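Structure record follows, encoded as structure tokens.
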Ligand code: CO
Ligand code: ZN
């Protein structure tokens, strides 16, 4: 399946942190025909294995998205919500949201809210209920919601909610489709609860005990007006090879291997330092006695907002680079 079509398919499934069941099922169904083994673990990670006689290689993309969770239902039928993952209130205004059971609403700031210092506490979700009783028949405290915004193409760019990190899940599914014989013992992990603290990747890495690992995620850019220089990469310039983020300093051997493979296969790449935010690489590299860990990222604008933007050419470059890495004869440590 093409990348864009895969992202569209994954977007139809509900999957905020801790509530990944629906997206896990969709990914499992897409992966099964190409895998030797598909399992889920206690935290809800999906682990797709392609057996090989070489070292264990773990490619990890989190499948959860940021989201909202109902904390209070008011007498007038309005909902108060908390966040799952890092979402700033100002990024949410007047955004349509969708609950797992299909109920829809819109997130709205209170009339007197000060936009400059807007907090989520000064916002509410309006699901159109006339009072508390009607609202309680539609949702309950603890129900989760995600953005209900559109996905569309503009040239080579895809604009969509939850490109963080469905675009990387789509990338891993493409890698799986493209693999011929694989010398390494390959584990594609679609991890749970990354956005709330890299939780799924931690237990998945412990159980797999990989020799090599790459986190596959989106990364912050430095190519928009007034850029705060939190990232180093630009859209359309290729796959981002992670050097560092807030959670990890990548092993130089992995940076070197990825850059060498990119050179050999003529895959466009750029070096990536993300100064704000971490990735699953952070949890993986400190597992057990330590794991040789790196990262390959899709550059992405407006991360965690209802309309993220990425370049499909960059995602295709990530597929090529990861497929090359998965098929490289790596030596067991
Ligand atoms: Co994120
Ligand atoms: Zn992410």
**Asked** Of all residues in the range 199-217, which are surrounded by 24 or more Cβ atoms within 10 Å (Cβ to Cβ) and either at positive phi or within 16 Å of ligand 1 (Cβ to nearest atom) (or both)?
**Response** 200, 201, 215, 216, 217
**Prompt:** Right, residue 113: without any contact (Cβ under 8 Å) to a residue 12 or more places away in the chain and touching a helix residue (DSSP H, G or I) at 6+ places or on another chain (Cβ under 6 Å) or not?
**Reply:** yes
**Message:** If I go through the range 191-220 residue by residue, how many of them are part of a strand (DSSP E or B) and over 21 Å from residue 246 (Cα atoms)?
**Reply:** 0
**Prompt:** Looking at residue 144, is it surrounded by 15 or more Cβ atoms within 10 Å (Cβ to Cβ) and under 27 Å from residue 307 (Cβ atoms)?
**Reply:** yes
**Message:** Restricting to the range 285-306, name every residue that is within 16 Å of ligand 2 (Cβ to nearest atom) and outside any strand (DSSP E or B).
**Reply:** 302, 303, 304, 305, 306
**Request:** Could you please give the count of residues in the range 179-212 that are modelled with pLDDT under 95 and within 19 Å of residue 254 (Cβ to Cβ)?
**Result:** 2
**Fill in**
Filtering the range 218-260 down to residues that are within 16 Å of ligand 1 (Cβ to nearest atom) and closer than 22 Å to residue 316 by Cβ yields 218, 219, 220, 221, 231, 233, 240, 242
**Complete:** Among 263, 276, 282, the single one that is within 16 Å of ligand 1 (Cβ to nearest atom) and either at pLDDT below 95 or more than 20 Å from residue 165 (Cα to Cα) (or both) is 276
**Enumeration of residues in the range 280-301 that are surrounded by fewer than 24 Cβ atoms within 10 Å (Cβ to Cβ) and touching a residue at least 24 places away in the same chain (Cβ under 8 Å)** = 282, 285, 287, 288, 291, 292, 301
**Request:** Kindly check whether there is at least one residue in the range 21-37 that is at pLDDT 95 or above, assigned to a strand (DSSP E or B) and touching a helix residue (DSSP H, G or I) at 6+ places or on another chain (Cβ under 7 Å).
**Result:** no
**Asked** Regarding residue 147, is this residue in contact with a helix residue (DSSP H, G or I) (Cβ under 7 Å, 6 or more places away or on another chain) and on the phi < 0 side of the Ramachandran plot?
**Response** no
**Asked** Any idea which of (1) modelled with pLDDT of 95 or more; (2) surrounded by fewer than 17 Cβ atoms within 10 Å (Cβ to Cβ); (3) not in a helix (DSSP H, G or I) is the one residue 256 doesn't satisfy?
**Response** (3)
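Kindly indicate which of 84, 79 is modelled with pLDDT of 95 or more and more than 19 Å from residue 160 (Cα to Cα).
Selected residue: 79, the only one of 84, 79 that is modelled with pLDDT of 95 or more and more than 19 Å from residue 160 (Cα to Cα).
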**Request:** Could you grab me the full set of residues in the range 150-171 that are within 16 Å of ligand 2 (Cβ to nearest atom), touching a helix residue (DSSP H, G or I) at 6+ places or on another chain (Cβ under 7 Å) and not in a loop (DSSP other than H, G, I, E, B)?
**Result:** 158, 160, 166, 167, 169, 170, 171
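The values are calculated or read from the model by the stated rules, or taken from the named source; none is laboratory data. The structure displayed is predicted, hence computed values, not measured ones. FYI the Cβ positions are ideal-geometry reconstructions off the backbone, even for glycines, and counts take in every protein chain you see.
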